Structures are given as C-alpha cells and as structure tokens.
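What follows is a short report on a single structure.
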Amino acid sequence: MKTIIIGAGMAGLSAAQVLVEKGHQVTVLDKGRGVGGRMSTRTINNAKADHGAQYFSVKSPQFQRFINQLQNQQVIKEWQLAQRANVRYIGSSGMNTIPKNMASGLEVVLNEKVILITQNELKTESGKSYSFDKLIITIPIPQVKELFAQSGIPLSERDLGVCNAIEYDPCFAVMAVLNQPTDIISGGIILENQPVSWIADNFQKGITEVPSVTLHASAEFSRQHLESNPEEVAQMMLSSVNQWVISKNVLTFQVHRWRYSLASKRYEEPFYQIENQSIFLAGDGFGIGNVEGAFLSGYHLATHLP
Ligand SMILES: Cc1cc2nc3c(=O)[nH]c(=O)nc-3n(C[C@H](O)[C@H](O)[C@H](O)COP(=O)(O)OP(=O)(O)OC[C@H]3O[C@@H](n4cnc5c(N)ncnc54)[C@H](O)[C@@H]3O)c2cc1C
C-alpha cells in the first residue's frame, strides 16, 4: 500500500510511524525546510526560541505511552509553570526536538509543496509527481480547501460542512534575543486582556544558552492587526511588555505571523474521509486540538486504516 502524507507536523508524523509499522510504503511531503510544522524552533544569532507551540500537556493513555518513550530517550523534559498546577512538557532542546526524533527512520521529503491532486497522483511545486493508493492530508483546513479548489476536486456538501466547521485563531509571534535573561518566575507567564498573552523566557526554559524570549499576541489582537505591517505589530507587542522584557536588553528580534495557530473550532471525530475518495483529513482541526490532539488524530487515522 503506497501512502502519501502531506505535512510533517505532529499529525503527519504520528500517522506515518503507525503506518510504517503496518507495512505501508509511506512518503511524507512537507513544504518546509524542516519537520515539525507548528512545533518549530528558530535560531537567531545563536539564540534558540520556540515560536509555535510552547509546551503541552498529556491526557490520553496513547499519548502518555508515546511521551514516556520520548522522556526515557531524553527528547522531552518537564516544565513547571508558576501559574499552572500540573506539569507541562517541552522538547529538551526546543519543541522541534520532538518531530525531528519522530521523523528519523521515516521517508520525509522537505521543500516539497503539494500544489495539485489528481486521481491517485499529486504534483509538487518542484515539478515532481507522486502516485498514491491512499492520501492523508494534515495541513490546516483552509489550505486544504484551497488545494482542492486549485485541483478542481469538488467537495460534497458533507465534506464542505466538515471543513467549514473548523476554524483557527491567528497569532503573531515575536522572538527577541536579549543581553540577559528576564526575571519572569519559572520562565513563562500567561497574561490576560492584553495585546501579548504569553511570554516565554527560552533561557530559563532551558532550550538556549544565549538568552531569548518568545511573545505571543492574543487571538483578538492578532486578528485586529492581521494585515498590518508585522514589524510595527512586533514593536507594539514589545512595548506592551516592557515591564518583563526591558527594551534596552533587546539586541534584535524577528516576527512571524501565524494565520493558523490553535484550532478554536474543531470537527469532533479524530479524522475524516473525503466522500468517494481515498483521501483522509487529519490534524489538530480534528478531535481535541493542540499538540496532543494532532498526535491523536494521526494515530487514530493510521490505526483505523487496514
Ligand atoms: C503560535 C502557536 C502557539 C501554540 N501553542 C501551543 C501550545 O502551547 N500547546 C499546544 O499543545 N499547542 C499549541 N499550538 C498548536 C500546535 O502547535 C498545533 O496544534 C500542532 O502542532 C498541529 O500539528 P499538525 O500536524 O496538525 O499541523 P502542522 O504542525 O501545521 O503541520 C502541517 C504541515 O503541513 C505542511 N504543509 C502545509 N501546506 C503544505 C503543502 N501544500 N504541501 C506540503 N506541505 C504542506 C506545513 O509546512 C506543516 O509542516 C500552538 C500553535 C501556534 C502556531
């Protein structure tokens, strides 16, 4: 069975791991330069900063088993935030340590953006074609709809109902390199009713030796400024947190606009099959959302497939 998975994020990689064990011939395609999707870590002037997912919790036994294995291999470590009672988990050298570990041993092709799907074949921007018996798509659903539209694949009313029910919050992320760590207790702070909703001190988090912080704007602020100049948005965010991230300590910064961050409205089942096609949709838009939900979505889909 030849299975192509679009997306080397948490959902695509967890599906790939199970399907390879089942004997499928799996190829994972991703448009990015690295694996991980929204579990990404950026390096700026030797400072590392997680700029997508910051940490995650564990609720299900399937995810707990997976986490236990990665903890034994020291791919994951615990992070206790002062504002949260339960322990959280992070990648030991940044969040992308986890997808990198998952991808080892899998056939993953990077810098390969899928632009067209035809009957049992897809085409990428680089001009290559890949044939498949089954296709798993794990990219954010608005991008799935674009891909189907440009491929001329009509979606049924039911397919459209599922896709239209899934929504994501946008999020501006600012990663700033500092000349010294902050005083933020436990290295992470959740802020309410402010432009910035989260600050992480990546040095205190233990993922970088050169001090850096990650700021996330609230969904409301991000939506309001979605089409504004990102540099100006970053300046607004930095000046709003001067109390924690003192401006004279900021050496340089980068900004990233996530159009799709957390899936705020999701389809309740962990995956969905497009009607009359060997095409399956998975990812954090299905099931419980976030890092664990994305993992479970890929896992349950792969377990379900023969
Ligand atoms: C700013 C931010 C903060 C977050 N904070 C948290 C948090 O603290 N805790 C938590 O649990 N979750 C958090 N999340 C959510 C979490 O990161 C996601 O739920 C999860 O990583 C989604 O995984 P996925 O595999 O479904 O999708 P993705 O990680 O988005 O993977 C999809 C992949 O598809 C690739 N792709 C897209 N289009 C194409 C194409 N046409 N061709 C080929 N490849 C393509 C992308 O490059 C990407 O690698 C956060 C997300 C963001 C952005």
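The values are calculated or read from the model by the stated rules, or taken from the named source; none is laboratory data. This is a predicted model, so every value here is computed, not measured. When we count neighbours, we look across all protein chains shown, and the Cβ atoms used for this are built from the backbone with ideal geometry, even at glycine.
L238 - would you say it is surrounded by 18 or more Cβ atoms within 10 Å (Cβ to Cβ) and in contact with a strand residue (DSSP E or B) (Cβ under 9 Å, 6 or more places away or on another chain)?
On the way: surrounded by 18 or more Cβ atoms within 10 Å (Cβ to Cβ): yes; in contact with a strand residue (DSSP E or B) (Cβ under 9 Å, 6 or more places away or on another chain): yes.
Judged against the criteria, L238 is a match.
Tell me, yes or no, whether the stretch 217-230 has at least one residue that is in contact with a Gly (Cβ under 6 Å, 6 or more places away or on another chain) and either among the hydrophobic types (A, V, I, L, M, F, W, C) or touching a residue at least 40 places away in the same chain (Cβ under 8 Å) (or both).
Scanning the stretch 217-230, I find no residue that is in contact with a Gly (Cβ under 6 Å, 6 or more places away or on another chain) and either among the hydrophobic types (A, V, I, L, M, F, W, C) or touching a residue at least 40 places away in the same chain (Cβ under 8 Å) (or both), so the answer is no.
Check V177, V162 and return the single one that is β-branched (V, I, T), in contact (Cβ under 8 Å) with a residue 12 or more places away in the chain, in the same structural domain as W244 (by TED's automatic domain parsing) and more than 15 Å from the ligand (Cβ to nearest atom).
Of V177, V162, the one residue that is β-branched (V, I, T), in contact (Cβ under 8 Å) with a residue 12 or more places away in the chain, in the same structural domain as W244 (by TED's automatic domain parsing) and more than 15 Å from the ligand (Cβ to nearest atom) is V177.
Please specify each residue of the stretch 76-99 satisfying the condition of being surrounded by fewer than 18 Cβ atoms within 10 Å (Cβ to Cβ) and either in the same structural domain as N290 (by TED's automatic domain parsing) or in contact with a helix residue (DSSP H, G or I) (Cβ under 7 Å, 6 or more places away or on another chain) (or both).
Q80, A82
Checking the conditions here, which among S297, S261 is crowded, with 22+ Cβ neighbours inside 10 Å, within 13 Å of the ligand (Cβ to nearest atom), among the polar types (S, T, N, Q) and closer than 18 Å to Q54 by Cα?
Just one listed residue meets the conditions, S261.
Just the residues that are surrounded by fewer than 24 Cβ atoms within 10 Å (Cβ to Cβ) and either under 12 Å from the mean Cα position of the chain (by Cα) or more than 30 Å from V210 (Cα to Cα) (or both), please, taken from the stretch 42-55.
Within the stretch 42-55, G52, Q54, Y55 meet the criteria.
Across the stretch 151-182, what is the number of residues that are among the β-branched types (V, I, T), buried (at least 18 other Cβ atoms within 10 Å of the Cβ) and more than 29 Å from Q204 (Cβ to Cβ)?
Count: 2.
For the list (1) of a type outside the set (D, E); (2) within 30 Å of N46 (Cα to Cα); (3) away from the ligand (no atom under 13 Å from the Cβ), I need the number of the one condition that N276 fails.
(2)
Taking the criterion of being within 11 Å of the ligand (Cβ to nearest atom) and either part of a loop (DSSP other than H, G, I, E, B) or on the phi > 0 side of the Ramachandran plot (or both), would at least one residue in the stretch 141-155 satisfy it?
no
Report whether or not R42 is touching a residue at least 40 places away in the same chain (Cβ under 8 Å), within 13 Å of the ligand (Cβ to nearest atom) and assigned to a loop (DSSP other than H, G, I, E, B).
no
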